[in-house]
Amino acid sequence: MKLLVCGGAGFIGSTFARQRLQEHGDEVTVLDKLTYAGREENLRDVAGDARFRFLRGAIEDREAVQAAITASAAEAIVNFAAETHVDRSIAEPDAFVRTHALGTYVLLDCARAAGLRYVQVSTDEVYGSIEQGTFTEQSPLRPSSPYSATKAGADLLVQSYFHTYGMPVVICRGSNNYGPYQYPEKLIPLMILNAIHGDPLPVYGDGMQVRNWIHASDFAAAIGHVLEHGEAGEVYNAGGPDEEANIVVVRRIIELAGASASLIEHVRDRPGHDLRYSLSSAKVRALGWSPRVRFSDGLEQTVAWYRENPSWWEPIRSGDYRAYYERQYGRSLHS
Ligand code: NAD
Ligand code: DAU
């Protein structure tokens with residue numbers, strides 16, 4: 001297949017691009033704005049592949065999108081492009097509205113004009129928090145943060161293009177991803193790097209919030225599966241095999257990194273913090289997908305990857321990330 005992968009320089013998009021090139025023989029064009037979270041380095045190992053092309057551009061820029069569709073001769077668009085950090089959406093929601101509402105609209109419109117299949121990558125956060133039980137695709141959308149509300153809005157827009165125009169769209173909603181190449185503003189890489197450097201580990205509130213962890217390689221495979229086998233107009237949830245409370249995850253990272261538990265610091269809770277996410281993946285499992293990586297193994301491999309790849313995270317940790325960290329946590333990083 002010839003694919004246009006929007007947001008493919010980010011954490012999951014680059015995992016997906018690599019997987020499609022190396023395991024499926026697809027041609028992949030990445031269109032990415034390269035925000036603070038997007039990095040061409042994430043695609044370094046496929047940059048020399050003749051079937052790969054990188055284009056810098058925003059999904060809300062119609063000319064850039066049309067040029068990318070033409071250059072890639074795409075048969076399908078897979079849209080990962082998004083602002084993805086909940087804390088940033090609370091502090092500064094503007095870019096979230098622009099990318100998720102306007103960007104998704106422009107992409108859909110261009111895809112429709114070109115007659116392309118379209119996959120929207122979405123999140124379990126659109127369902128809100130669930131204290132008991134598990135969300136299915138039938139659960140109502142009750143997003144809590146500007147991040148999840150704008151992602152939910154994008155999902156509704158995508159569905160409207162199926163209902164109104166009969167466009168072949170599918171939505172794949174994932175639970176919390178982890179693995180190599182994740183920007184260190186997110187819980188797992190932030191805690192790993194702080195543990196390695198002897199910086200305090202800032203746990204929001206009591207740390208009893210639960211997340212449903214999926215390795216990025218498993219989520220990427222689910223998206224590929226839905227791209228190939230999903231029914232037009234349908235939503236597919238892809239949840240990980242394990243759920244864990246944040247404080248348990250942080251303690252395990254400390255163990256794996258050989259750091260001291262005294263680094264744990266309970267800090268002010270996130271406003272509107274969702275207590276628990278949990279996704280049923282029965283529908284996508286019925287299509288033939290299942291997750292392969294258990295959280296205990298994946299977390300150990302992820303800690304090892306960050307230990308072994310300082311050349312990937314050093315430029316981040318010594319750059320703008322430091323100023324972000326000070327704004328968000330009210331303290332600076334040691335080193
Ligand atoms: P990320 O922040 O690592 O990467 C996002 C990428 O999108 C970056 O490369 C960035 O430069 C690019 N981008 C942002 N705005 C853009 C725009 N306007 N035009 C073009 N490119 C733009 O994010 P991620 O964690 O890889 O998430 C990818 C997708 O998966 C998102 O849609 C997110 O909502 C969804 N998702 C993420 C998770 C998770 O746990 N990380 C879970 C479920 C779903
Ligand atoms: O559920 C899928 C979502 O998972 C994705 O759609 C989002 O893009 C992704 O960012 C993620 O959202 P979360 O808010 O769950 O992830 P985050 O890594 O920010 O936080 C995970 C949990 O850890 C959450 O309960 C908040 C807590 N936390 C986070 C940070 C950054 C802390 O306790 N301390 C921290 O410093």
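The values are calculated or read from the model by the stated rules, or taken from the named source; none is laboratory data. Because the structure is predicted, anything quoted here is derived from the model rather than measured. Because the Cβ atoms are built from the backbone with ideal geometry, glycine has one as well, and the counts that use them run over all protein chains shown. These accessible areas exclude ligands, DNA and RNA; they are computed on the full protein's heavy atoms, side chains included. Shrake-Rupley method; radii C 1.70, N 1.55, O 1.52, S 1.80 Å.
Listed values, structure above:
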| item | result |
| --- | --- |
| Residue in the range 20-38 that is nearest to ligand 1 (Cβ to nearest atom), counting only those that are assigned to a loop (DSSP other than H, G, I, E, B) and without any contact (Cβ under 8 Å) to a residue 40 or more places away in the chain | Gly38 |
| Close pairs (9 angstrom Cβ cut-off, 6 or more residues apart or separate chains): on the phi > 0 side of the Ramachandran plot in the range 312-335, open to solvent by 60 Å² or more (accessible area, probe 1.4 Å) and outside any helix (DSSP H, G or I) anywhere | Gly330/Arg268 |
| From Gly10, Gly103, residue being within 10 Å of ligand 1 (Cβ to nearest atom), modelled with pLDDT of 95 or more and open to solvent by 10 Å² or more (accessible area, probe 1.4 Å) | Gly10 |
| Which numbered condition Thr29 misses (of (1) touching a Lys or Arg at 6+ places or on another chain (Cβ under 6 Å); (2) under 23 Å from Ala152 (Cα atoms)) | (2) |
| Single unsatisfied condition, Ser129 versus (1) closer than 30 Å to Tyr324 by Cβ; (2) away from ligand 1 (no atom under 13 Å from the Cβ); (3) without any contact (Cβ under 8 Å) to a residue 24 or more places away in the chain | (3) |
| Criterion: free of Cβ contacts under 8 Å to residues at least 60 places away in the same chain, over 30 Å from Arg20 (Cα atoms) and within 22 Å of the chain's Cα centre (by Cα) - qualifying residue of Ala261, Ala245 | Ala245 |
| Answer residue from the range 171-186, given it is surrounded by fewer than 22 Cβ atoms within 10 Å (Cβ to Cβ) and of a type outside the set (Ser, Thr, Tyr) and is farthest from Thr84 (Cα to Cα) among those | Pro180 |
| Answer residue from the range 198-227, given it is of a type in the set (A, V, I, L, M) and assigned to a helix (DSSP H, G or I) and is surrounded by the fewest Cβ atoms within 10 Å (Cβ to Cβ) among those | Ala221 |
| All helices (runs of 4 or more DSSP H) inside the range 279-335 with 1 or more residues being closer than 24 Å to Glu40 by Cβ | 295-308, 310-317, 321-329 |
